[in-house]
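Read through the structure below, which is laid out as structure tokens, and then see the notes.
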């Protein structure tokens, strides 16, 4: 049975964001298409397939929502908070919770299988910035994700059986969402180490530890991104070093003079690289050939993945430990601010754009 939720906290808003409305300083209420109401916050990014949005919240509720109406098609329950985004293939939708991976029927929401990475007690949070868990990435019917004990796991999505496991030498927490290229899987850990591992042989090709890390920090926290043979990622470190996928050596290095972190998932506008920063800098950076092309000052920090809208507009929202949030629209060509829109509260949920509508989860 379809459900319309009417509890107290809005955690997904679907908003019209047509260009004529960018100049508004507040989101006009007449542009809100629908609201999905829930009683718990959301930190992971929604995933859409066809007309269905898949999303989990911090109470362990996992929803399939009609993108046009906001009506819940089905909802299921898992044992722990959901800090990761879902992955869908065929009629299977997978989501991680408490270092277990769940496989649901994408149409009905019926649980098909549950894979437990480790029977040890899960780590609920490392610190205030520990927003996201490793989201599953599906390749050849195998879902790969990292866990709390330094394991990169592979689970057959048809059977729910573990078919791949690589344990890092450090056995540190893996929060990154991995990327796969030419049978090599790339991921990083909370200790600031990046790994390249062969999927056929389960052997380490190379590893790289980020340089000059401050005590405690250096965690690699973003999705891994590959472009033109280079691996890009964000971390809790003031050094940004894309790596050659074949050698694991830095292609170039940027060290922020303000000693900030650059933790957001990188995105590209043509050949330019865009990444968000946190405390001290409070900026969005654009790099061209390893050099700063432009920056734009902000009022928030960014642990989110930005998105590009209409080929040249950057959309990015802030995450700031419970403070007021902001939704930024920026011209990718020159870094000029188009709109800075207040939102009720900063959220580590990255925005998702479907056609001319924006989906954004809210943190309670």
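The values are calculated or read from the model by the stated rules, or taken from the named source; none is laboratory data. Keep in mind the model is a prediction, meaning the values are calculated, not measured. We place every Cβ from the backbone using ideal geometry, glycine too, and count neighbours over all the protein chains shown.
Filter the stretch 241-256 for residues that are surrounded by fewer than 16 Cβ atoms within 10 Å (Cβ to Cβ) and closer than 17 Å to residue 217 by Cα and give the result.
255, the sole residue that qualifies.
Suppose we filter the stretch 257-287 for residues that are closer than 18 Å to residue 231 by Cα and exposed (fewer than 13 other Cβ atoms within 10 Å of the Cβ); how many remain?
Qualifying residue count, the stretch 257-287: 2.
Tell me the residue from 179, 221, 275 that is modelled with pLDDT of 95 or more, more than 24 Å from residue 291 (Cβ to Cβ) and under 20 Å from the mean Cα position of the chain (by Cα), please.
Sole residue among the options that is modelled with pLDDT of 95 or more, more than 24 Å from residue 291 (Cβ to Cβ) and under 20 Å from the mean Cα position of the chain (by Cα): 179.
I'd like to verify a number: residues in the stretch 295-344 that are over 19 Å from the mean Cα position of the chain (by Cα), within 14 Å of residue 277 (Cβ to Cβ) and not in a strand (DSSP E or B), how many?
Matching residues across the stretch 295-344 total 3.
Of (1) buried (at least 23 other Cβ atoms within 10 Å of the Cβ); (2) in contact with a strand residue (DSSP E or B) (Cβ under 6 Å, 6 or more places away or on another chain), residue 222 satisfies all except one. Which?
(2)
Hey, among the residues in the stretch 153-168 that are on the phi < 0 side of the Ramachandran plot and not in a strand (DSSP E or B), which one's surrounded by the most Cβ atoms within 10 Å (Cβ to Cβ)?
157
Is there a residue being farther than 23 Å from residue 282 by Cβ, out of contact with any strand residue (DSSP E or B) (no Cβ under 9 Å at 6 or more places or on another chain) and in contact (Cβ under 8 Å) with a residue 12 or more places away in the chain anywhere in the stretch 160-173?
No: zero hits.
Among (1) more than 16 Å from the chain's Cα centre (by Cα); (2) surrounded by fewer than 20 Cβ atoms within 10 Å (Cβ to Cβ); (3) closer than 21 Å to residue 177 by Cβ, where does residue 98 come up short?
(2)
Do the conditions hold for residue 265, that is, is it under 16 Å from the mean Cα position of the chain (by Cα), at pLDDT 95 or above and either part of a loop (DSSP other than H, G, I, E, B) or more than 19 Å from residue 232 (Cα to Cα) (or both)?
Taking the combined requirement at face value, the residue satisfies it.
Given the conditions (1) buried (at least 22 other Cβ atoms within 10 Å of the Cβ); (2) in contact with a strand residue (DSSP E or B) (Cβ under 7 Å, 6 or more places away or on another chain), report the number of the one that residue 301 does not fulfil.
Result: residue 301 fails condition (2) only.
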